Structure formats: C-alpha cells, structure tokens
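The values are calculated or read from the model by the stated rules, or taken from the named source; none is laboratory data. Nothing here was measured: the structure is a model prediction, and the numbers come from that model. When we count neighbours, we look across all protein chains shown, and the Cβ atoms used for this are built from the backbone with ideal geometry, even at glycine.
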Amino acid sequence: MTAYKQISQLCMRCGYQLVGPPIPKRCPECGYPVVHQSRWREGELHRAGPIIVWPIVRRFVLAASLLSICLFLSIVFSYDAMLKIRLVRFSTAKWSMIPFFLVAPIAAYLWQKSINGPGSDMWGLHRQAVIRKLIFPCGFLFWIVGFFYVASLNAANQPVGVNLLNQNSDSIMWLTASTYLLIPALAGWSIVLFHLSKISLYLRNELLHKACVYLYWSMALVSLPVLYVCYKSESLVIFEQFLWIFALITMLTSVFFAILLAWDLANCLTHSYDTLAREERLAKQNSERYSSPK
C-alpha cells in the first residue's frame, strides 16, 4: 500500500498547523478558508518593511478620504442643503452623483499606483498584471459619463427662449448618452472592486470578497425582471432608472471598500513596524550573545 507524503501548512490567520493530505478546506481552529491562502497569499506585505508599506497605506488612505468626502457632498447635494442655507440659488438634487464621477478616476489612479508600486510582488497578485493595468482606465470612464451628464444639466438650466423644443431635445440627448455610458463605466468599475476584494483576501479579510460577489450576482438577477418589464412595456425608462440606482449603490459600496481596505492596510503598517522592531531586537540580542567574552 502506497503511503501518502505528509504535507503541512500554517494557517494565515491563527497559525494553526494544517496537516494533509488532503489539506482541509477550512482551518479547524478559526474557520478561515484555506483555498484563499494557496491561491492569493504568496507573500507577506508587512515583512517588506515600513519604507515600502507606508506609501501604499498613504495612497489607500487618501483614496478612502476622497471617496468619503464625495459621499458627504452627495448627501448634501441630494438634500439641497446648500440651497436651504442660501449658498446657491439653484437646486443641487440632480448633482448628487457628480462628486463620485469626479473622484472615482482619482481613487482608481491611487489604487493602481499602490498595487503596481515597489511592493507589488508582495501582494501575491503578480499573475494578474493585465487586470492591474486596467484599473485606472476603468475609473477614467466616469469622467466621460460626468461630462455628458453635466452637459445635460447645463442644457436643461438654459434660460427659456424661443427654441424651447430644441433645448429639451438637447438635454434629453445628453442625458441618454450619459445613461448608456454608465453601462461600460459600471462594468469597468466592477473589475476595480473585484480586484480590491482579492487584495482584501490577501489582508486576511474575506468580507469584501463576499460583498463583491453577492452584490454583482444580486444586481445581475434583478436586471433580468427589469429588462423583461422594459420589453413588455416597450420602454427603457425603467432600465435607465435601474442604472442610476445601481450607480448609487456602486458609490456606497466603493466608499465601504475604500475605508475597510485603508483600515486593514493601516493594521498591516502597524505589523510591519512590529516586525521591524522584533528583528532589530533579535539582532541586538544575537550580537550581544556572540560578542560577549566567554
């Protein structure tokens, strides 16, 4: 009878020794999925040292701050708070998505700069270099959507004149163009969020990965009855409204992802300082041990 070669592996989260074959699918001590360990965790970012970890954390924290400010401005615009305190003379309710359209490409650039930086080999994601290069172009699509949407608002806010019919048609044309440009923009942004969810697996947090998978599966299932209703009514108005609602949900999800990833990376930076201090302490102890006279 052939004897199996014993395989041992340590759990990333609790350090429990996993013995096989077969290696269990989940750690019996803490329940963390082992499949994520072998697939994504090929390096230890905190061992790269604070010099490499700090720029990555700084960019992720800046992206989270910008997206949080964008969410705050969206809430202020949607409730016409600026109109109520007489800072502006027009309603800002239709401008609620503009902050996200402006900030999303900047956040995508900061994420791509961090992932493709000096510590990229420590992410364990070097096999997905093609997807990493697509992060900023996917975010850049929101600037195009924002341009068409601002053009539609500008056409709708023009003074009423003799060409009222042309004015309304121009506004509807710009709004329709911005609405359908949301489809590739949201599809591209899903690539960004999915890649960030894989980074969260590396950082020992599978919450973002689950949220990303469940969100897009639920949106795909909801879109089917929406398309059926549009087909029966021979109108795409409901589908256009669904796209804008999905854009709003995407903005909220992006803020949640950015804040949680920034928090996890801040903890990673703390671990890198602890690792550096531990190595310096061990080096000092070894030097004192071997340099002391016998």
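Listed here are the residues, each with its yes/no results for (1) exposed (fewer than 13 other Cβ atoms within 10 Å of the Cβ); (2) under 30 Å from residue 56 (Cβ atoms); (3) at pLDDT below 90.
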| residue | (1), (2), (3) |
| --- | --- |
| 226 | no, no, yes |
| 231 | yes, no, yes |
| 236 | no, no, yes |
| 240 | no, no, yes |
| 250 | no, yes, no |
| 256 | no, yes, no |
| 259 | no, yes, no |
| 265 | no, yes, yes |
| 268 | no, yes, yes |
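Name the one entry in 234, 240, 206 that is acidic (Asp, Glu) and touching a Pro at 6+ places or on another chain (Cβ under 7 Å). Please lay out each step first, then the result.
On the way: 234 fails: touching a Pro at 6+ places or on another chain (Cβ under 7 Å); 240 fails: touching a Pro at 6+ places or on another chain (Cβ under 7 Å).
So the residue among 234, 240, 206 that is acidic (Asp, Glu) and touching a Pro at 6+ places or on another chain (Cβ under 7 Å) is 206.
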Yes/no for residue 260 being within 21 Å of residue 139 (Cβ to Cβ), touching a residue at least 40 places away in the same chain (Cβ under 8 Å) and more than 18 Å from the chain's Cα centre (by Cα): no
Criterion violated by residue 45 - all others in (1) at pLDDT below 75; (2) touching a Ser or Thr at 6+ places or on another chain (Cβ under 6 Å); (3) within 18 Å of residue 268 (Cα to Cα) satisfied: (2)
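Among 53, 57, 76, 103, which is part of a helix (DSSP H, G or I) and under 18 Å from residue 253 (Cα atoms)? Let's see the steps before the verdict.
Details: 53 fails: under 18 Å from residue 253 (Cα atoms); 57 fails: under 18 Å from residue 253 (Cα atoms); 76 fails: under 18 Å from residue 253 (Cα atoms).
That would be 103, the only listed residue that is part of a helix (DSSP H, G or I) and under 18 Å from residue 253 (Cα atoms).
Working carefully through the options 201, 215, find the one that is closer than 26 Å to residue 72 by Cα, within 18 Å of the chain's Cα centre (by Cα) and assigned to a helix (DSSP H, G or I).
Numbers: 201 fails: closer than 26 Å to residue 72 by Cα.
Answer to the check: 215.
Taking the stated definitions as given, is residue 238 in contact with a Cys (Cβ under 7 Å, 6 or more places away or on another chain) and farther than 29 Å from residue 45 by Cβ? Let's see the steps before the verdict.
Values: in contact with a Cys (Cβ under 7 Å, 6 or more places away or on another chain): yes; farther than 29 Å from residue 45 by Cβ: yes.
Judged against the criteria, residue 238 is a match.
State whether the residues of region 273-289 include one that is at pLDDT 85 or above and more than 22 Å from residue 75 (Cβ to Cβ). First the steps, then the outcome.
In the first step, residues of region 273-289 are kept if they are at pLDDT 85 or above; the result is none.
Scanning region 273-289, I find no residue that is at pLDDT 85 or above and more than 22 Å from residue 75 (Cβ to Cβ), so the answer is no.
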Among (1) surrounded by 15 or more Cβ atoms within 10 Å (Cβ to Cβ); (2) among the aromatic types (Phe, Trp, Tyr); (3) over 22 Å from residue 67 (Cα atoms) - the single one residue 217 does not satisfy: (1)
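Of all the residues that make up region 12-42, how many are in a helix (DSSP H, G or I) and modelled with pLDDT of 70 or more? Spell out how you get there, then give the answer.
To start, the set of residues in region 12-42 that are in a helix (DSSP H, G or I) comprises 34-40.
So of that shortlist, the ones also modelled with pLDDT of 70 or more come out as none.
Number of matching residues: 0.
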